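Data first, discussion second: the structure below is written as structure tokens.
The values are calculated or read from the model by the stated rules, or taken from the named source; none is laboratory data. Predicted, not measured: the structure shown is a model, and the values here were computed from it. Cβ placement follows ideal geometry from the backbone for every residue including glycine, while neighbour counts extend to all protein chains displayed. All accessible areas refer to the heavy atoms of the entire protein, side chains included, with ligands and DNA or RNA removed. Shrake-Rupley method; radii C 1.70, N 1.55, O 1.52, S 1.80 Å.
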Amino acid sequence: MNIFFDIDDTLLDVQKGLRPQTREVFQRLKEDGHTLFIWSGVGVRTREVRSLGLESYVEGVFQKPLDNHLHHAQRMLERGEIPVLPDLVVDDDQRIVTALGGVQVQPYANSGPEDTEMERVYRTITDHGNHSKPSETPT
């Protein structure tokens, strides 16, 4: 699957701290054959991805559509701004998860090692196996 991860409040807190288990889950998803991308509503965040040591896991970093998500994602694909449409998104914003299908996470607020959202993301993706566009809200 082509999995697009949001960065702010999904992978990073406001102080730019990386959510626990992100690297480990990215590695496992890659090993499972998934293609990972990062996108952000505030622009292309290549520098942050590189500084966090995530570039070896992701195939690209892109601008995320801020509204009318599916329509804008399709237009971005047509214009060559993204290489594929997401099969699944991981985001703290329910609107984009509803529009494109995926896993909503609790916003990351530097909750420390007790934050297990990335492990939940991994389990949700693997539990759904070949099902397309699983939709799950946080518990």
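Brief remarks on what is shown
- Residue that is open to solvent by 10 Å² or more (accessible area, probe 1.4 Å), at pLDDT below 95 and of a type in the set (Asp, Glu), where the choices are Glu119, Glu55, Glu31, Glu48: Glu48
- Conditions (1) closer than 17 Å to Asp6 by Cβ; (2) polar (S, T, N, Q); (3) at pLDDT below 95; number of the one not met by Gln104: (3)
- Inclusion of Gln74 among residues that are open to solvent by 40 Å² or more (accessible area, probe 1.4 Å), at pLDDT 95 or above, farther than 23 Å from Gln94 by Cα and not in a loop (DSSP other than H, G, I, E, B) is not warranted.
- The one condition in (1) under 14 Å from the mean Cα position of the chain (by Cα); (2) modelled with pLDDT under 95 that Val61 fails to fulfil: (2)
- Consider segment 1-26 and keep the residues that are assigned to a loop (DSSP other than H, G, I, E, B) and among the basic types (Lys, Arg). The one that is surrounded by the most Cβ atoms within 10 Å (Cβ to Cβ) is Arg19.
- The listed residues are Gly53, Gly60, Gly43, and the only one of them that is touching a residue at least 12 places away in the same chain (Cβ under 8 Å), touching a strand residue (DSSP E or B) at 6+ places or on another chain (Cβ under 7 Å) and assigned to a loop (DSSP other than H, G, I, E, B) turns out to be Gly43.
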